1. So, taking all protein chains as they sit and a 1.4 Å probe, how much accessible area belongs to Thr717, in Å² rounded to tens?
2. Report, in degrees rounded to the nearest 10, the 0 to 90 angle that the Cα long axis of helix 76-95 makes with the longest principal axis of the chain.
3. Mind sorting out which of (i) 1.11; (ii) 1.18; (iii) 1.92 is the real Cα Rg over 2.2 N^0.38 Å computed from the coordinates?
4. When you count, for each residue, the other Cβ atoms within 10 Å and take the mean per peptide, how do 199-211, 225-237 rank with the highest first?
5. Go through Trp632, Trp670 and list them by solvent-accessible area, largest first, probe radius 1.4 Å.
6. For Asn497, list long-range residues whose amide hydrogen, built 1.01 Å from N in the peptide plane, is under 5 Å from its own amide hydrogen.
7. What ranking do 720-731, 505-516 get when scored by the average of other Cβ atoms within 10 Å per residue, highest first?
8. Once amide H atoms are placed 1.01 Å from N in the peptide plane, what residues at a sequence separation of 5 or more from Asn698, or on another chain, have their amide H within under 5 Å of its amide H?
Amino acid sequence: MKKSLKSLLLVAFMAGATALVGCDNNQTSTPASTQPSVTTPQPSVAPSVDPAILEGQKTAAITEVENYKNKDDYRDTEKAQLETLITNTKTVINQATSKTAIDEAVTQFKASADALKTNAQYEAEEFATYKTTKISEVENYKDKNDYRDAEKAQLEGLINAAKTAINDATSREVIDGVVTTFKTNADALKTNAQYEAEEFAAYKETKVSEVEGYKTATDYRETEQTQLATLIQTAKASINNATTKDEINNAVTEFKTAADALKTKAQYEAEEAQALADAIVAAGSEIENYVNPINYRKAQETQVLDLIDEYYAKVQAATSIDNVNAIVTEFKGLVDAIPVDTGFTGALEKGAIVSFTKAANPTAADLFIKPDTNNWTGDGFAIRIKNTCGAQMFINVYLNETDSDRVHLATGASFYLYDANGKSMATSGRTWGYYMLVPHGFDGYVYIPYESMELDPNYGGGNKSFNYSSVYGLYLETAVECDDYQIYEVGEVQVLNGDTITTVVSTSDLTSRNYSSKYVKDFNGQYINTRFNGEEEPEETCIFSGSLTGSEISFNSSSVDQLSALKLSAKNNNWAGDGFAIRMKELAGTLSYISMFINETDGDIACLKANATYSLYNLDGTVTEGSNNRGWGSYLTLPANFDGYVYFPYSSFAYNRGAGDNNMTYTGIWGVYFEINTFINYGDFNQHFIIGSIEVKNGDTVTKVLDTTTLTNSDYTQYVEKAGNNENINQSFYSAK
């Protein structure tokens, strides 16, 4: 029983003590590691006593414990510890079975309580520390080495007196007053630096007087008088701002040198006539060379040239140098107010990287750049281009109108180059061709004003009057038998109209799959190689496997505007799914434009939308996005030398007309129709291609609705039939075997 009571009291006390260690409550407490060792009273076995007597002894002991200390004498931490001791001791007393056990508990309690530090003890220790801190503050307040001997002795006396007063003080208020008084008296002592400053100030006054009396102002003209006054003020300011005598002496020397250099009235009289003549010559040259008129756009260039002529004449008539300077200043102000040509902002990224394959014979290959808008109204157009081939490049430049009229860069005509070095005027330097010259390493914009373009009278079937509000597209032509070394990056195209810049060829929506619909390998496109100038998108896996065996198609030109039609019939009429793919190969080496529509067996007809997109799966595994780049109609645009699958999602078709339920379900397809305009003026009759199998995609499933592998020369015309103006269509069997 005795052992369990001791354990109970000890555990209870230690738990209370541990919970309080580290508490602050804005008072200083003794750390847990330095707390006095407190032994909890332990009950002991004693002879049996009268319970009433024992109860009275417990009551008396508890009263003694509760009144042994005044809790208000302690800080919060010690107060909590005292309360824990009282509580634990009362528990032990109440559990005691003898007077001896009670007395032991009281004795142990008092020993532990006596070990607790009172607030008065803490304050005494803190007060002693405060004195020490303030004495250190006094001793370190000033550096004795900053003073001359007399002030140093006074400072030592002040320190000793303050230390004595602090040690004798009985309150912090008295100590603070001693320190404040000491600092006031110490601050009043003059340092060696202060003495030296006073002596230095007297030296400055002497040198200021020397400067002020060095020259007589009336020996000079008004301008020099002003300059002399300025020199005096500058020298005085330098003297007053000097920090050493050497700086003062240097300022005086510099002043005297500058003052001696001022021209007197007599010197001026001999020089003025020649000076005015020299000033007029110099000002005339400055006006003529102040700006390069090429750095302005056309309207502003005229303004600059007019100002140069006007103010050059004014300078020649000037009667004084001040008059000359005023004229030049006025001229510069007027010219500076005229806005310079800030260039263009078209992006290079997400365009095309272009290179070429050498041709064995003289051959021209055209890169067709399709605009986003046909309205190019303005003063000219700028091409964002970068030459990466390591040599200069000669590129023919054409614009086609939607009515087929064409203009080209006139032979030897001027154009402008904008790059990091600014703006410059250039010509091709050749006496033939319609070339723009792109210099070696050029990275910027080639701006061609429309006045440098001229109509090609032998091209197209238009009205022979080029309308820049109806531009079909831009053509960059390279002679691939000799200029095949050329490699360049081409980006956006912008039109300048006055001060307004409009992007007519934008790359913002281009990807590696659809960029070739805007940068098109057109005439002799098989000699042109293009890559996307941006991040390549992941390649798609071609899921089609149709045969190229089928019908080879070419055309004859017609003298009238008419369409020739081909009907593609499938062996399976159920085309339900996501879309269909046709195996095709382009043979003419030129871009083909083919109109398309689909007939359902109930008579409904769906046409390819005007700007519909479709996918071009090349045999080399690459996939690009295609769309109509012609600016009108709803065409399948088949790239030059294409060999692969053209996949049309049904979302690219729209119901057009018909006698059915006006709803395209693709569950009963009568046929796919191709239409070609064979009018000789349009040039589409030059198209030549092969049509093979047809496959329908439904999710991940591909079904051949026309498997051409079994076609023969005797039955292929049942698959591709002439269906309109047949005399203009040439058809023959093509075997992929």
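1. 60
2. Taking the Cα atoms of the chain, the angle to 76-95 is about 70 degrees.
3. (iii)
4. Values: 199-211: 13.6, 225-237: 15.9.
Listed from highest to lowest mean packing, they are 225-237, 199-211.
5. Details: Trp632 100, Trp670 130 Å².
If we order Trp632, Trp670 from most to least accessible, we get Trp670, Trp632.
6. Excluding prolines and chain starts, which carry no amide H, the hits are Asp379, Thr502.
7. Values: 720-731: 17.0, 505-516: 19.4.
So the order, starting with the most tightly packed, is 505-516, 720-731.
8. When sequence neighbours closer than 5 places are left aside, the close amide H contacts are Asp578, Thr703.
The values are calculated or read from the model by the stated rules, or taken from the named source; none is laboratory data. The structure displayed is predicted, hence computed values, not measured ones. Here Cβ is always computed from backbone atoms with ideal geometry, including for glycine, and neighbour counts include all displayed protein chains. For the accessible areas, the whole protein counts, side chains as well, though only heavy atoms, and no ligand, DNA or RNA atoms are used. Shrake-Rupley method; radii C 1.70, N 1.55, O 1.52, S 1.80 Å.
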